Amino acid sequence: MQEQNLFFNTLTFDFPSEKQTFYFSKDDIGEGHKIYKSLFPDNIDSIFPGLSNSDTEAIFTTFTGKVDKFLPLSIDLEKENPDLIKRYYNRQINYYFSKVIDQIVKVGFIKENQVWVHDPRQSTSEFKIYKKFSLKVQLKTLSKYPELLVSYDGISKVLKKSVAEIIQGISPTCLNWVVHNNKLEKWAWQNSEDNPDYNTYFPVLNKKLQSALNLPPKTPDRGNRYPKYLSNIQDFYNQYLDTTDFKKIIPLHDEGFLNVSSARINTTTKESNLLVFGKNQLGQNYTGITPKYDLKKFKPYKASPYKKVHLFFIMHKEAIPQAFALNKIFTSGLKWFKGLQQYANILFHIEKNFSITFIDKENPIPEIEKTLSDRDLNPDVKYIAIYITPYSKYDSNKEHREIYYQVKELLLKRNITSQAIDPDKMIAQGDDWVYSLPNIAVAILAKLDGIPWRLNTPVKNELIIGIGAFKHIEENIQYIGSAFSFSNDGKFNSFEYFMKDEIELLAGKISKSVRDYATINNKPDRLIIHFYKSMSEREIVHIQNALNEMDLSIPVFIISINKTESKDIIAFDKNWSQLMPASGTFINIGRNKYLLFNNTRYPEAKHNSADGYPFPIKLSFDCTDKEQLKDAKVIRQLIDQVYQFSRMYWKSVRQQNLPVTIKYPEMIAKIAPHFVDEDIPVYGKDNLWFL
């Protein structure tokens, strides 16, 4: 592989050479911006004696705007409170885009700016299309200069029909953001005392509004987003940032996007790519890098422990031909896929007259439930259902999408795992559907408690716990799933899910899993938590308290693992036409934070475009023993471990960008709230039914 030449989506600029005069007031005179104590200038006491030690929580500033009754204060932007300086630059950027050149600007939680640029070429008769770009100021994070992070956040659609035009057919509860006079406003902000002209309010499409308009859900983009992303931010830079007017407020350097210093770049160990598969005639396990090829060649690490497996089909009457076709494919194969037994060592029997055919496509649950109740299920047999779904999971009708979850729950209550098949995809792809069969085989094997492959790493006395989340937009509730792994080679034990605020319950589950581990293996040397976001001090305290009650004085590492889909830092490799950095590359981005690239662009193998081009994940490290964070070897081991866990995804033969410690809990949190009983049946808490 050619040596990489990486650069960030980041621009650098200069601080002013001279001090700037800011203006402050303790009173809200109506001219200033409110800033809280964390943003106070370092020498605020020079104009308001004793203020920094007082109970005053907020003051007001016009930044560099001179206004009566506001007191001047000389500010060195390079040495001043960085939070204040970032707020100042964000304010300058906001004013430039919203007032000077009249663009729509959405302001984030920490006052970062997202600029909406109308794209007439993508717009339709129904929608105005806006490309979204986030501008985030950071100070000396990746260089010795202040920096401007430029990210492309995709598109938003704004209805061309106004609120007044759609209100008879669409409930206002479906409205969230609206565009009014070229400004973004929350619909909930509308003041009842105003007399607005609703013909001038245009809704921004959201999931609830999309469902109400019977628009199909957006299908994921499977293509290479790196060139598209880079092209968009380069166009934005050329048109809006690399201009004389913008450089008056942010004096950008002429070099463009920042090259990544070689001192910041490292790679995971070569061994972290290795996976363990089946054994040769001498009883030695094969190792390989690419499950897509190596599973077929070397067979699974461990077959299903169940020797009496019965497979049956659940289908609508119109899908009977697909059931017969699947029966033949699973037993005899299709093209190079030679059947479940040959490919994944899955021994199974299809019992005659056991499969279930339903008539009512709109409400099949009563028919399926009655037929299952009439069946004589043999307790010595392990059953797996192949559910041929009458509706795609992207179906625009919510009731249709819910059927899938109801069937899953119904089967789990009877201790039956299942595998869903989309017949439309099967028909449309014809013989090319063969490329889906390895993924199906791997998932079925895992659901039958087999082990397709495992990590090639010595088992250590440590416990890894993964916590992921999924927010249900329609319910506006965030659910948290937790997956407990009892060894560093990727062996999983059990799953739970909670609502976001149930941190005490989550801490209790974590301490129970440590207790269970210690009962069998003695006290672990360390606890490693993979968390789906930055863990708050409150969350850490609850977990520490739970461990303290057990009298366990072990280091607890918290690795926050974030997707970098948008609004964040990424890197590109200018030496490869597809721009994606090689798998295993990790970049130090300051303050115990790293970018990690998980993909199938390996040094030893040619990348297959069908494997995708995932964006990197962002890792942030914390530890109850702060000294451990200074040990580069420890951090390197933990990054290797995150990378390895991204290789344990058994829903596909392709490597994922998220480790399963985050991905699996997220999948559970996404599915379980759809269950009628709003909980996972007991049988479903210790196996991989959700793959």
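The values are calculated or read from the model by the stated rules, or taken from the named source; none is laboratory data. Note that the coordinates shown come from a computational prediction; the quantities given were computed from them, not determined experimentally. Counting neighbours? That spans all protein chains shown, and the Cβs are built from the backbone with ideal geometry, glycine included. Just so you know, the surface numbers come from the protein's heavy atoms only, side chains and all, with ligands and any DNA or RNA stripped out. Shrake-Rupley method; radii C 1.70, N 1.55, O 1.52, S 1.80 Å.
Of note:
- Residue match in the stretch 115-138 (condition: crowded, with 19+ Cβ neighbours inside 10 Å, in a helix (DSSP H, G or I), over 27 Å from the mean Cα position of the chain (by Cα) and on the phi < 0 side of the Ramachandran plot): no
Matching residues to (1) touching a His at 6+ places or on another chain (Cβ under 8 Å); (2) under 21 Å from H310 (Cα atoms):
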residue	(1), (2)
I368	no, yes
T371	no, yes
D380	no, yes
I384	yes, yes
I403	no, no
L410	no, yes
A420	no, yes
K425	no, no
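- Any hit, the stretch 11-18, residues being open to solvent by less than 20 Å² (accessible area, probe 1.4 Å), farther than 30 Å from N575 by Cα and of a type in the set (A, V, I, L, M): no
- Within the stretch 395-408, at least one residue is more than 24 Å from K302 (Cβ to Cβ), crowded, with 21+ Cβ neighbours inside 10 Å and not β-branched (V, I, T).
- Leading residue by the ranking (surrounded by the fewest Cβ atoms within 10 Å (Cβ to Cβ)) among those in the stretch 640-671 that are farther than 17 Å from N439 by Cα and among the polar types (S, T, N, Q): Q641
- Flag for N687 being of a type in the set (S, T, N, Q), under 23 Å from L463 (Cα atoms), over 17 Å from the mean Cα position of the chain (by Cα) and part of a loop (DSSP other than H, G, I, E, B): yes
- Residue among P216, P220 that alone is open to solvent by 40 Å² or more (accessible area, probe 1.4 Å), at pLDDT below 90 and in contact with a helix residue (DSSP H, G or I) (Cβ under 9 Å, 6 or more places away or on another chain): P216
- Failed item in (1) in a strand (DSSP E or B); (2) out of contact with any Gly (no Cβ under 8 Å at 6 or more places or on another chain), with K111 passing the rest: (1)
- When G481, G466 are screened for being within 17 Å of the chain's Cα centre (by Cα) and at pLDDT 70 or above, only G466 passes.
- The stretch 621-639, subset closer than 24 Å to F8 by Cα and open to solvent by 20 Å² or more (accessible area, probe 1.4 Å), residue modelled with the lowest pLDDT: A632
- Some residue of the stretch 253-261 being part of a loop (DSSP other than H, G, I, E, B), among the polar types (S, T, N, Q) and under 30 Å from H400 (Cα atoms): no
- Residue-level check: of (1) touching a helix residue (DSSP H, G or I) at 6+ places or on another chain (Cβ under 7 Å); (2) charged (D, E, K, R); (3) under 30 Å from N588 (Cβ atoms), K131 misses just (3).
- Filtering the stretch 255-285 to residues that are farther than 21 Å from S646 by Cβ, touching an Asp or Glu at 6+ places or on another chain (Cβ under 9 Å) and either open to solvent by 20 Å² or more (accessible area, probe 1.4 Å) or modelled with pLDDT under 90 (or both) leaves only L258.
- First in the stretch 13-28 and under 16 Å from I59 (Cα atoms), second anywhere and open to solvent by 50 Å² or more (accessible area, probe 1.4 Å) and among the β-branched types (V, I, T), Cβ under 8 Å, 6 or more apart: F22/T64; Y23/T64
- Selection from the stretch 269-313 of residues that are of a type in the set (A, V, I, L, M) and either more than 32 Å from the chain's Cα centre (by Cα) or in a loop (DSSP other than H, G, I, E, B) (or both): L274, L282, I289, A303, V309, L311
- Of everything in the stretch 34-79 that is open to solvent by less than 20 Å² (accessible area, probe 1.4 Å) and out of contact with any Phe, Trp or Tyr (no Cβ under 8 Å at 6 or more places or on another chain), the residue that is farthest from K111 (Cα to Cα) is F40.
- Filter pass, Q168 being of a type outside the set (D, E, K, R), at pLDDT 90 or above and open to solvent by 80 Å² or more (accessible area, probe 1.4 Å): yes
- Meets criteria (of a type in the set (F, W, Y) and surrounded by fewer than 17 Cβ atoms within 10 Å (Cβ to Cβ)) for Y152: no
- Where Q234 falls short, out of the listed (1) open to solvent by 50 Å² or more (accessible area, probe 1.4 Å); (2) part of a helix (DSSP H, G or I); (3) in contact with a strand residue (DSSP E or B) (Cβ under 8 Å, 6 or more places away or on another chain): (3)
- Within the stretch 389-415, the residues that satisfy the criterion of being out of contact with any helix residue (DSSP H, G or I) (no Cβ under 7 Å at 6 or more places or on another chain) and either modelled with pLDDT under 90 or polar (S, T, N, Q) (or both) are Y394, S396, N397, E399, H400, R401.
- Of all residues in the stretch 570-579, exactly one satisfies the criterion of being modelled with pLDDT of 95 or more and crowded, with 24+ Cβ neighbours inside 10 Å, namely A571.
- Within the stretch 341-365, the only residue that satisfies the criterion of being open to solvent by less than 70 Å² (accessible area, probe 1.4 Å), without any contact (Cβ under 8 Å) to a residue 40 or more places away in the chain and not acidic (D, E) is F348.
- Candidates in the stretch 423-469 are the residues that are of a type in the set (D, E, K, R) and in contact (Cβ under 8 Å) with a residue 60 or more places away in the chain; of these, the one that is surrounded by the fewest Cβ atoms within 10 Å (Cβ to Cβ) is D431.
- Lone unmet requirement of (1) modelled with pLDDT under 90; (2) open to solvent by less than 80 Å² (accessible area, probe 1.4 Å) for E193: (2)
- All strands (runs of 3 or more DSSP E) inside the stretch 1-94 with 1 or more residues being within 30 Å of N238 (Cβ to Cβ) and of a type in the set (S, T, N, Q): 10-12, 20-25
- Near pairs, Cβ below 6 angstrom, 6+ apart or cross-chain, from the stretch 282-304 (at positive phi) to any residue that is at pLDDT 90 or above: K299/G278; K299/N345
- Options T287, T269; residue that is closer than 30 Å to N9 by Cα and of a type in the set (S, T, N, Q): T269
- Selection of first residues in the stretch 680-691 that are under 16 Å from Y404 (Cα atoms) and of second residues that are of a type in the set (V, I, T), restricted to Cβ pairs under 7 Å at least 6 apart or on distinct chains, gives the following pairs, ordered by first then second residue: W689/T417; F690/I668; F690/I671.
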